[in-house]
């Protein structure tokens, strides 16, 4: 019986170790160290912005290295206070700026009338995954996340030619998304869609006449996102409603309805030079004039939170985030570790620049790193259980008690 106890102890150790398999911050090679605790985009860093949106707790130093999503605070912004900052210069504090411009080069700006401008320019240096040169655009994201509420924007779109896409959406890092999009093939209509948990179901898209050319003048677009429905509203008219009750999947026993905190995003991007399916949807982009630029104009944005009372919430929350740096003016106190540091690879279609993961691999979309501990634990439990059952059967056949104490 002593040998069996020894075996049982070893089996327990195997299972325990399998449950503590270290996750990997892609560009660093292991989970992040204490001095650079936050894993974001494949890098480990003590820069507070890396500990904000997109930070991966499972790949960071510990589960409190990443900040929680900053809660929604109702906001009307006509951009007169210039509340936009480059993500690369942001300190991660949602109280410091309302919006971040997420890519380099940064084509977001203001005009003389105080409107927010998002530009799209031809990039003749970097080819995309399809081996094509394309336009490089802009994405501006809110510095806080809303969990239900209403967001309205007065927008003049920049989709003045086929292939050019203008977007006004809510989105989070787990793949929930609610969209308005305008494509240059038909700038007189808006398109709506929603996604849940990263499932790209394009069959849920719908088309809505704006009543005029969306690139010629401003129109008011609203996303009303409440716990029981989503409504899209154009110039005060409800053009579509999706009820949560209608998204129930009886096979999975759950609602495929966006219900997790999301950021508000405004963007311009080139859909006509991307994958064939996207190009067919957006139209082929004509870059024969490589000096051509496209611009989205935003007069104002109004965010009304469903859950209020967050304005006085201190930031950062106690116990979360990296250790405080020694000096806010020090250039050596912040560090980012991993491959291709400090240069980022700006990409269209993400909240922030993403690390280059090689051809054909989308690390952000892959669940494999998160599944490693669970799979290892399950396999170990199955193997150990089989061995223990075999020993029990053997001892029983010999007439021995399975559990015998001296």
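The values are calculated or read from the model by the stated rules, or taken from the named source; none is laboratory data. Given the structure is predicted, the values throughout are model-derived calculations rather than measurements. Here the Cβ is made from the backbone with ideal geometry for all residues, glycine too, and neighbour counts use every protein chain on show.
Okay, here's what the table says:
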read-out	value
Residue tally, condition more than 24 Å from the chain's Cα centre (by Cα) and surrounded by fewer than 19 Cβ atoms within 10 Å (Cβ to Cβ), over region 229-238	5
Members of region 280-311 found to be touching a residue at least 40 places away in the same chain (Cβ under 8 Å) and in a helix (DSSP H, G or I), listed by number	281, 282
Meets criteria (assigned by TED's automatic domain parsing to the domain that holds residue 216, in contact with a helix residue (DSSP H, G or I) (Cβ under 9 Å, 6 or more places away or on another chain), in contact (Cβ under 8 Å) with a residue 40 or more places away in the chain and in a strand (DSSP E or B)) for residue 242	yes
Check on residue 290, assigned by TED's automatic domain parsing to the domain that holds residue 180 and more than 21 Å from the chain's Cα centre (by Cα)	yes
Any chance residue 226 is surrounded by fewer than 19 Cβ atoms within 10 Å (Cβ to Cβ), closer than 18 Å to residue 197 by Cβ and at pLDDT 95 or above	no
Filter result for residue 68 (at pLDDT below 95, surrounded by fewer than 18 Cβ atoms within 10 Å (Cβ to Cβ) and under 15 Å from residue 322 (Cα atoms))	yes
